[in-house]
Amino acid sequence: MHDLSRSKLDNLFRLLDTDGDSKIDKADFENAADRITARCQAGEAAGDELRSRHAELFDVLYPPGPVTRERFHQPRPVPREALGRLAEAVVAVCDTDRDGELDSAEFRAFLGGWGLAERDADMAFRHLDIDFSGTVSAQELAETFEEFYSSDDPHVPGTWLFGPIAHQQTARIPYPTPDELSGEARRLLQALPPLNIFRMAAHAQTVFPAAMGFSRAVLADMTLPGDLRELAVLQVAVDLGATYVWTQHVSAAQAEHTARSKMIAIRDGRLDAPCLTEAEQATVSFTAEVLHRGSASDTTFARLRRHLSPRQIVELLIVTGFYTMLGRISTALALDADASQGDAVVGYATGSA
């Protein structure tokens with residue numbers, strides 16, 4: 001088993017093993033549901049449904065009878081439908097303001113029922129709320145459950161669901177220490193927002209200052225509108241599977257007044273979604289085709305040409321290339337997750353921070 005998966009499941013085992021007998025059974029899952037119901041002061045029907053879904057989860061994951069820690073590390077695959085039903089039951093119990101989603105306090109009550117400390121529950125919420133909407137839907141919660149049980153990516157929200165993992169340092173090479181850097185690279189790194197992408201890039205200390213100057217120009221000196229730039233960056237992140245870049249640029253897109261629905265459309269691959277304007281659809285479709293095929297079709301290019309000048313088209317290609325480079329640094333070297341500071345990076349580049 002991957003060390004990350006073992007660490008995640010160890011967290012959950014500790015939360016469930018409330019009697020300290022080093023075994024888990026269906027009653028432990030049902031008791032967690034009862035604690036959630038009590039914390040959220042939910043009605044009997046909703047509580048019974050939540051209890052049933054927790055029992056179903058145990059039945060899917062493990063054979064009947066007590067499960068030792070070692071057996072707990074070997075869960076069976078969970079059907080997506082079961083996780084969806086569980087997520088809907090959680091929202092039904094914990095959504096005390098009845099807006100159909102969980103805010104941070106409601107989410108804290110949910111994880112508090114499992115025994116997670118408030119600080120860790122808040123950290124889990126920050127990782128899960130990837131579009132910074134302030135709420136989490138049942139669908140997002142179901143996806144997080146699935147990531148928890150099936151993903152070995154340390155950056156996905158599900159990794160953090162039941163507390164910080166034991167080994168949070170995941171980068172494949174160490175970040176440089178200040179003593180290892182030249183004076184210019186060290187001074188520049190100290191001035192930048194404290195992000196692991198910058199720390200790792202500083203290894204290439206002879207080109208690091210020039211690269212950061214280029215980054216500043218991309219963010220501050222282009223005629224390409226900032227909202228289109230950020231949508232293109234999010235498209236690059238999706239195509240590369242670069243969770244690190246996505247996380248950083250959600251906040252940067254928000255600073256450009258990009259609606260949540262547009263970010264979700266890009267995340268889900270719906271590049272012709274009605275919530276995207278014609279210019280936005282053209283921008284992200286062009287970016288996706290360039291990434292997939294090396295070029296774009298005549299139809300896609302003609303569509304883009306109706307909205308962007310030749311200068312802006314070249315700028316869009318530069319954005320695509322630059323963030324492909326950063327995305328590959330983040331994925332190839334498995335950078336450790338940072339809280340989103342993309343808006344602070346844009347503020348630093350433009351002098352508005």
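The values are calculated or read from the model by the stated rules, or taken from the named source; none is laboratory data. Owing to the predicted nature of the structure, the values given are computational and were not obtained by experimental measurement. All Cβ positions, even for glycine, are placed from backbone atoms using ideal geometry, and neighbour counts span all protein chains on display. Ligands, DNA and RNA are excluded from the accessible area calculation, which covers all protein heavy atoms including side chains. Shrake-Rupley method; radii C 1.70, N 1.55, O 1.52, S 1.80 Å.
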Complete set of residues in segment 40-78 that are in contact with a Phe, Trp or Tyr (Cβ under 8 Å, 6 or more places away or on another chain) and within 27 Å of THR96 (Cα to Cα): CYS40, HIS54, ALA55, LEU57, PHE58
Residue list for segment 295-342, filter: open to solvent by 50 Å² or more (accessible area, probe 1.4 Å), over 29 Å from the mean Cα position of the chain (by Cα) and not aromatic (Phe, Trp, Tyr): ASP298, THR299, ARG303, ARG305, ARG306, HIS307, PRO310, ARG311, VAL314
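Kindly check whether there is at least one residue in segment 343-350 that is open to solvent by 50 Å² or more (accessible area, probe 1.4 Å), in contact (Cβ under 8 Å) with a residue 40 or more places away in the chain and in a loop (DSSP other than H, G, I, E, B).
So in segment 343-350, the residues open to solvent by 50 Å² or more (accessible area, probe 1.4 Å) come out as 343, 348, 350.
If we keep only those that are in contact (Cβ under 8 Å) with a residue 40 or more places away in the chain as well, we get 343, 348, 350.
Pick out the ones that are also in a loop (DSSP other than H, G, I, E, B) and you get none.
Within segment 343-350 (the criterion being open to solvent by 50 Å² or more (accessible area, probe 1.4 Å), in contact (Cβ under 8 Å) with a residue 40 or more places away in the chain and in a loop (DSSP other than H, G, I, E, B)), the answer is no, since none of the residues qualifies.
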Helices (runs of 4 or more DSSP H) completely within segment 77-143 that count 1 or more residues being in contact with an Asp or Glu (Cβ under 9 Å, 6 or more places away or on another chain) and open to solvent by 50 Å² or more (accessible area, probe 1.4 Å): 80-94, 104-114
Filter pass, GLN281 being out of contact with any Gly (no Cβ under 8 Å at 6 or more places or on another chain), in a helix (DSSP H, G or I) and modelled with pLDDT of 95 or more: yes
Odd one out for THR159 among (1) under 25 Å from LEU141 (Cβ atoms); (2) open to solvent by 20 Å² or more (accessible area, probe 1.4 Å); (3) part of a helix (DSSP H, G or I); (4) of a type in the set (S, T, N, Q): (2)
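Looking at ARG172, is it basic (Lys, Arg), under 30 Å from LEU9 (Cα atoms) and either assigned to a helix (DSSP H, G or I) or open to solvent by less than 20 Å² (accessible area, probe 1.4 Å) (or both)?
Numbers: basic (Lys, Arg): yes; under 30 Å from LEU9 (Cα atoms): yes; either assigned to a helix (DSSP H, G or I) or open to solvent by less than 20 Å² (accessible area, probe 1.4 Å) (or both): no.
Considered against the rule, which asks whether it is basic (Lys, Arg), under 30 Å from LEU9 (Cα atoms) and either assigned to a helix (DSSP H, G or I) or open to solvent by less than 20 Å² (accessible area, probe 1.4 Å) (or both), ARG172 comes out as no.
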Subset of segment 214-270 [of a type outside the set (S, T, N, Q), crowded, with 19+ Cβ neighbours inside 10 Å and outside any helix (DSSP H, G or I)]: LEU224, ALA242
Some residue of segment 287-297 being under 27 Å from GLY342 (Cα atoms), hydroxyl-bearing (Ser, Thr, Tyr), modelled with pLDDT of 95 or more and not in a helix (DSSP H, G or I): no
Among (1) assigned to a loop (DSSP other than H, G, I, E, B); (2) more than 19 Å from GLU289 (Cβ to Cβ); (3) modelled with pLDDT of 95 or more, the one test that LEU308 misses: (2)
